[in-house]
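Structure, as C-alpha cells:
The values are calculated or read from the model by the stated rules, or taken from the named source; none is laboratory data. Predicted model, so just to flag it, every value in this text is computed and none were measured. Here the Cβ is made from the backbone with ideal geometry for all residues, glycine too, and neighbour counts use every protein chain on show.
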Amino acid sequence: MNVDWFIVLSALLFATGAIGILIRRSPMVILLCLELMLNAGNLALVAFSRMVGNGQGQVFAVIVMVVAACEVVVGLGLIVAIFRRRLPLNVDDLRELRG
Amino acid sequence: MEEVLFFVSALGALGGAVGVIAMRNPFYSVLALIVHLFSLAALFLLLTSAFVAAAQVVVYAGAVMVLYVFVVAYVGEGGEPAWEPIPGQRFLAPLLGIALFVELSIAVLSSSLLALGTQGPDVPAGFGDPAAIGRLLLEKFLIPFEASSILLLLAAVGAIVLASNRREGVGDPSERFAEEEGSTPKAPAVPRPFDEVPSEEGSPTPSPGGLA
C-alpha cells in the first residue's frame with residue numbers, strides 16, 4: 001500500500017474536520033471536530049514516519065495525543081463551567097472574548 | 001489483503017468523520033468519533049506502528065471518549081439553532097473544505113518527497129513497537145516527554161479550577177456551604193451540579209454574575 005493513500009486520506013479527514021468547525025455551533029461538536037483534525041495530523045505523521053523509516057514521527061504522534069487530551073480536558077471543563085452559569089452553549093452567543 | 005484492509009478502515013474513518021459533523025445529537029457525534037478512532041487505529045497498524053495504534057484505542061477511544069460521553073450526558077443536547085450568522089454558511093463551508101483538501105493534496109503530492117509512490121523502506125521487525133517508542137521517548141525526546149507530562153498536570157489542575165463550583169467573590173468553601181444551608185433565599189442561587197436543567201435552548205440572556 002503506497003504511502004500516498006494515507007497522506008491523501010489524512011488531508012480528506014482534515015478537510016472534513018474543518019468543514020465541521022465551520023458549520024456547527026455547539027462547542028462540544030466543535031471540540032469533536034478539532035479531534036478529527038488532530039487525528040488527521042496524527043495519521044499524516046505516522047505515514048511520514050513509515051515513509052522515512054524511523055520511529056520519530058510516531059513519537060510526535062504520541063505527543064500530539066497528549067496535547068489533544070489536555071485540550072479536551074480544558075475544553076470540556078469550559079463547557080461544564082458555561083453550562084453551570086446558565087449561558088447558552090452556542091459559539092455565536094459566546095462572543096465576549098472577541099471584544 | 002492489505003488494500004482491502006486499507007479501504008475498509010479508510011471508509012470507516014471517513015464515515016465516522018462525516019457522522020461527527022452530520023449528527024444533530026452530540027451523543028451520536030461522540031459515537032461516530034469512536035468508530036473513526038477505531039478505524040484510525042487499524043490504519044496505524046497497517047503503517048506498522050503498533051504502539052500508536054494501542055495508545056489510540058486505550059487513551060482516545062477509551063479514556064477521552066468516556067469523558068466526552070459524561071459531559072454530553074451532563075450538558076444534554078442543547079438544541080442548535082438553525083439560523084446562520086453568515087448567509088449561505090452551510091454551502092460556503094463545504095466549498096472551503098474541498099478547496100482545503102485539494103490544496104493539501106497538491107501540496108503533498110507535488111512535493112519532491114522521495115518516497116512518495118512507494119511503500120517506504122523495509123523496516124526491521126521491531127519497528128514502532130513499545131520498546132522502540134519508549135527508547136526514543138526516553139533518550140532522544142526526553143525534554144518533550146517531560147514537557148508533555150507537565151502539560152498534562154497543568155491541564156488537570158486547570159480543569160478542576162474551571163469546573164469547580166467556586167465563583168468569584170466566594171473564596172472560602174466553608175463560607176459557601178454556610179450560605180447554601182442558610183434558609184434566606186438569595187436571588188442568584190449558587191448553581192449546584194445537579195440543579196434543575198435550564199430550558200431547552202438555553203435563555204439568551206445570561207444569568208447575573210455570568211462569565212462576563
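When B:Leu31 is tested against (1) within 14 Å of the chain's Cα centre (by Cα); (2) in contact (Cβ under 8 Å) with a residue 24 or more places away in the chain; (3) more than 9 Å from every other protein chain (Cβ to nearest Cβ), just one condition goes unmet, and that condition is (2). All of (1) modelled with pLDDT under 90; (2) more than 9 Å from every other protein chain (Cβ to nearest Cβ); (3) more than 21 Å from A:Phe14 (Cα to Cα) hold for B:Phe91 with one exception: (3).
Criterion applied to A:Val80, A:Val91, A:Val72 was being aliphatic (A, V, I, L, M), touching a residue at least 40 places away in the same chain (Cβ under 8 Å) and surrounded by fewer than 20 Cβ atoms within 10 Å (Cβ to Cβ), and the one residue passing it is A:Val91.
For the stretch A:50-74, residues that are at pLDDT 90 or above and over 18 Å from B:Ala54 (Cα atoms) total 5. Among the residues of the stretch A:53-68, the ones that are facing another protein chain (nearest Cβ under 7 Å) and surrounded by 21 or more Cβ atoms within 10 Å (Cβ to Cβ) come to 5 in all.
Contact annotation: residue pairs with Cβ atoms under 6 Å, 6 or more positions apart or on different chains, pairing a residue in the stretch B:145-158 that is farther than 19 Å from A:Ala61 by Cβ with a partner that is modelled with pLDDT of 90 or more and in a helix (DSSP H, G or I), are B:Gly158/A:Val74. Take B:Ile133 and decide whether it is within 29 Å of A:Glu71 (Cβ to Cβ), of a type in the set (Val, Ile, Thr), modelled with pLDDT of 85 or more and loosely packed, with under 13 Cβ neighbours inside 10 Å. So B:Ile133 does not fit the description; no.
Residue count for the stretch A:49-66 satisfying the condition of being in a helix (DSSP H, G or I) and free of Cβ contacts under 8 Å to residues at least 12 places away in the same chain: 6.
When the residues of the stretch B:38-56 are filtered to those that are crowded, with 24+ Cβ neighbours inside 10 Å and at the interface with another protein chain (Cβ under 7 Å from one of its Cβ atoms), the one that is nearest to the chain's Cα centre (by Cα) is B:Leu40. Selection of the stretch A:18-49 for residues being farther than 19 Å from B:Ser49 by Cβ and more than 7 Å from chain B (Cβ to nearest Cβ) yields A:Ile21, A:Pro27, A:Ile30, A:Leu31, A:Leu34, A:Met37.
Each row is one residue, and each column tells you yes or no for (1) surrounded by 12 or more Cβ atoms within 10 Å (Cβ to Cβ); (2) within 7 Å of chain A (Cβ to nearest Cβ); (3) touching a helix residue (DSSP H, G or I) at 6+ places or on another chain (Cβ under 7 Å).
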site	(1), (2), (3)
B:Leu100	yes, yes, yes
B:Ser111	no, no, no
B:Val123	yes, yes, no
B:Ser149	no, no, no
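Within the stretch A:69-89, which residues are within 7 Å of another protein chain (Cβ to nearest Cβ), of a type in the set (Gly, Ala, Ser) and under 14 Å from A:Pro27 (Cβ atoms)? Once the filter is applied, which keeps residues that are within 7 Å of another protein chain (Cβ to nearest Cβ), of a type in the set (Gly, Ala, Ser) and under 14 Å from A:Pro27 (Cβ atoms), the stretch A:69-89 yields A:Gly77, A:Ala81.
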